[in-house]
Amino acid sequence: MVETAARWVLQTYKHNSLHLINSLEWLDRIAPGSPEHMRLATVTHDMERAFPGPDMPVWNGDEDYDYYVAHSNRGARIVGEWLRGQNAAEGLIADVEALIKVHEFGGWPEADFVQAADSLSFLDVNIELFLGYVTSGKYREDQVRAKFIYSHTRVRIDWVRELTQPMLDSAIARLDKLLLR
């Protein structure tokens, strides 16, 4: 089912499928042998962004708890519906939905690993995207800086947060260099 989900991500989420695929790669590195529901939640955690609609939450560039909750809940619903269409077992669907609902925050060991894989991937492959947002004026420098820092500080697993520190340092250095142009 994970391979099928990865294909769905690649075919459907053109804007940022690399982040989701990379999140799964990070999960496999930091939590090898993770069960299917963790791997499915990780590879699909942001799929709600692939489905614009009137109920789609919009990030305002600030660390907005309500946005993250709405994003996570909508994502869990969309992925759950997709899994039902794949005839997945209801227990698996419930486990995946539960992890997607907390992928921004963690909260228990499995959720903490999904959240950590998301942060690692963000700092690994989304820096250029967010630097582009500064250049285009979509978001301010302070908003992007805060997003970079948040992606590091939200990691609940100490040894994984240590992995994100050099990634954060590099992202901040690139942002500072961009601002000097």
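Highest GNM mean-square fluctuation, the chain, Cα pairs closer than 10 Å: which of Gln143, Gln165, Gln11? In the Gaussian network model the winner is Gln11. Straight-line cross-link partners of Lys147 among the lysines, defined as a Cα under 18 Å from its Cα and at least 8 positions apart when in the same chain: Lys138, Lys177. Summing charges over all other residues whose Cβ lies under 11 Å from the Cβ of Leu40, with Lys and Arg as +1 and Asp and Glu as -1, gives -3. Here the Gaussian network model covers the chain, with springs between Cα atoms less than 10 Å apart; of Ser34, Ser151, Ser72, Ser34 fluctuates the most.
Figure legend: label point modelled 7 angstrom from the Cα of Arg29 along Cα→Cβ; residues of the stretch 138-181 with amide N under 14 Å from it are 160-168.
Relative to the current alpha-carbon distance between Trp59 and Arg7, full extension at 0.36 nm per residue lengthens the span by 16.1 nm. Lys and Arg at +1, Asp and Glu at -1: add these up for the other residues within a Cβ distance under 12 Å of Leu168 and post the number. Summing Lys/Arg as +1 and Asp/Glu as -1 gives +2.
The ranking of Asp64, Asp142, Asp158 by Cβ neighbour count inside 10 Å, starting from the fewest, reads Asp158, Asp142, Asp64. For the chain, the longest principal axis of the C-alpha atoms and the axis of helix 158-180 are separated by about 40°.
Among His45, His19, His37, sorting on how many other beta-carbon atoms sit within 10 Å of each Cβ, with the fewest leading, yields His19, His37, His45.
The phi-based Karplus calculation (6.51 cos²θ - 1.76 cosθ + 1.60; θ = phi - 60°) puts the 3J(HN,Hα) values of the stretch 98-112 at 4, 5, 5, 4, 10, 5, 7, 10, x, x, 8, x, 4, 5, 5 Hz, whole numbers, x for Gly and Pro. Tell me whether the stretch 35-165 comes out rounded, prolate or oblate; compute the Cα gyration tensor, take square roots of the eigenvalues as a ≥ b ≥ c, and use a/c under 1.5 as the rounded threshold. Oblate, since a/c reaches 1.5 and b/c is not below a/b.
Computing FRET efficiency as 1/(1 + (r/R0)^6) for Glu81 and Glu162, where r is the C-beta to C-beta distance and R0 is 45 Å, gives about 0.75. So if the hydrodynamic radius of the stretch 49-114 is defined as the Kirkwood radius over C-alpha pairs, what does Stokes-Einstein give as its diffusion coefficient at 20 °C and 1.002 mPa s, in µm² per second? Reported coefficient: 170 µm²/s.
Relative to the longest principal axis of the Cα atoms of the chain, helix 141-153 runs at roughly 50 degrees.
Any read-out appearing in this document is the output of simple, stated calculations on the displayed coordinates, not a laboratory observation. The model shown is predicted, which means the values in this text are computed figures rather than measured ones. No Cβ is skipped: glycine too gets one built from the backbone with ideal geometry, and neighbour counts run over all protein chains shown.
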